[in-house]
Amino acid sequence: MTVALEVAGVSVTYRPGRDDAVAALRDVSLTVRRGRTLALVGESGSGKTTLARVILGLERRESGVVRVDGIDVDADPSRVPRDVRKRIQPLFQDPGASLDPMWRMRDLLIEAMDVSGSVPPSMRPARIGELLLALGLADDLLDRRVHELSGGQKQRFALARALATGADMLVLDEPLTALDPPAQRAAMDLFATLKRDRGVTTLLVSHDLDLVRTAADDVVVLYRGRVVESGPTTDVLGTPRHPYTRLLLASVMPPNPAEARRRLAALPEDDAVADPVPSGCAFAPRCPLVVDACRVATPDPKPIRDGAEHAAACPVSV
Ligand code: ADP
Ligand code: MG
């Protein structure tokens, strides 16, 4: 299975004030295989959006590489095919915010094709028809303006626009948060269809473990900017091995999705995030299994057994 997207050793520090430094990502690595969906989970402030922005080329990093099909997207421009970056497109929480409200949908799609040069003019009407069909959008919406659409329709058009550029990788940052439950279900079906029929590779940032369970093949758990656990979704969510993943699942995995959302919304921002990162393992102050060594060393994730895809820093036995 080929690796479509690779993040290797990425660190980002924000400097909001002269003496302030927030280590948002520390030596983060992950890979997303072609046509797969990888979910990035973790509490608010764990660095999920920062990583999404790094992948999209919107955030400066101190170190690390982003590769698409093995090509460093920031290497010397003369050696990087022009369209590598364009193959990755974002879909943010509130797609309406990134679309000019007075634009008509048809023009948005045509502009996306124009800018990217992905579809020659003669092919555009056919391509637009195909996208509408794939995304379950009615033809007559093409003449509507952005502000005339519902949240779910905007979300679909934002996706249509991303795909109109010729992108085959999506970065979805909390894509369902702004939608009502029926529109959320429709969007989930849509992501599944895009993956199945078009082989779209997706990095999904989500608080919603219900969505992660259904949509993601693999999961990476971030805690304060570090990967603490990763692996196939069934392993990570089914048999979590890092104490933080266990805590996260126990606090946000109640019996039904509505309750899950309620509890998640009620979770305070992790207080510890405001404090400087302690030396040693960042989770040590909250870890029920902490021992002295944890205050000194920061373990990296390693396979839970030889050859396993499931990896955890400091795996607890099951
Ligand atoms: P998440 O998406 O998981 O909630 P973020 O990537 O938004 O996390 O944030 C990670 C950390 O970086 C947090 O501590 C956050 O407060 C900090 N942060 C994010 N953006 C900025 C910024 N522009 N300036 C300063 N600090 C930031
Ligand atoms: Mg975020």
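The values are calculated or read from the model by the stated rules, or taken from the named source; none is laboratory data. Note that the structure is a prediction, hence the values are computed from the model and not measured. Counting neighbours? That spans all protein chains shown, and the Cβs are built from the backbone with ideal geometry, glycine included. The accessibility values were calculated without ligands, DNA or RNA, using every heavy atom of the protein model including side chains. Shrake-Rupley method; radii C 1.70, N 1.55, O 1.52, S 1.80 Å.
So if I take the centroid of the Cα atoms in the stretch 1-69 and the same for the stretch 131-210, what is the distance between those two points in Å? Result: 23 Å between the Cα centres. Within the chain, helices built from complete DSSP H runs that reach 18 Å or longer along their own axis (Cα positions) and carry a mean Kyte-Doolittle hydropathy of -0.5 or higher are 151-164. In units of the compact-protein estimate 2.2 N^0.38 Å, the stretch 110-153 shows a Cα radius of gyration of 1.23. Tell me, what is the percent relative contact order of the chain, built from C-alpha pairs under 8 Å that lie six or more residues apart? The normalised contact order for the chain reaches 21 percent.
Taking the Cα atoms of the stretch 75-157, the ratio Rg/Rh between the radius of gyration and the Kirkwood radius comes to 1.01. Net charge near V146: determine it from the other residues with C-beta under 13 Å of the C-beta of V146, scoring Lys and Arg +1 and Asp and Glu -1. With Lys, Arg at +1 and Asp, Glu at -1, the neighbours total +1. The heavy atoms of K86 offer some 60 square angstrom of accessible surface to a 1.4 angstrom probe.
Does the stretch 115-220 come out rounded, prolate or oblate, given a ≥ b ≥ c as the square roots of the eigenvalues of its C-alpha gyration tensor, rounded meaning a/c under 1.5 and, failing that, prolate meaning a/b above b/c? It comes out oblate by the Cα gyration axes. Using equal-weight Cα scatterers in the Debye expression, the normalised intensity of the stretch 1-73 in log10 at q = 0.15, 0.20 Å⁻¹ is -0.51, -0.85. A quarter of the convex hull surface defined by the alpha-carbon atoms of the stretch 1-141 gives 11.7 nm² as the mean projection. Within the listed set P182, P16, P299, the Gaussian network model of the chain (springs between alpha-carbon atoms below 10 Å) gives the highest mean-square fluctuation for P16. If only the Cβ of Lys and Arg carry +1 and only the Cβ of Asp and Glu carry -1, the dipole of the chain around its Cα centre is close to 300 debye.
Just check the stretch 207-252 against the gyration tensor rule for me: Cα atoms, a ≥ b ≥ c as the square roots of the eigenvalues, rounded for a/c under 1.5, and otherwise prolate or oblate depending on whether a/b exceeds b/c. Rounded is the answer for the stretch 207-252, as its axis ratio a/c remains below 1.5. Annotation for the stretch 29-77: GluC sites (Glu not before Pro) lying in DSSP loop with at most 16 further Cβ atoms inside 10 Å of their Cβ are E62. By the helix-only formula, in which each DSSP H run with n ≥ 4 contributes -39500 (n - 2.57) and the sum is divided by residues, the chain has a 222 nm mean residue ellipticity of -9000 deg cm²/dmol. For the stretch 155-250, the solvent-accessible area with a 1.4 angstrom probe is 32 square angstrom per residue. Only protein heavy atoms count here; on that basis, with a 1.4 Å probe, L30 has an accessible area of about 10 Å². Each principal axis of the Cα cloud of the chain was taken in turn, and the coordinate range along them, longest first, works out to 67, 50, 45 Å.
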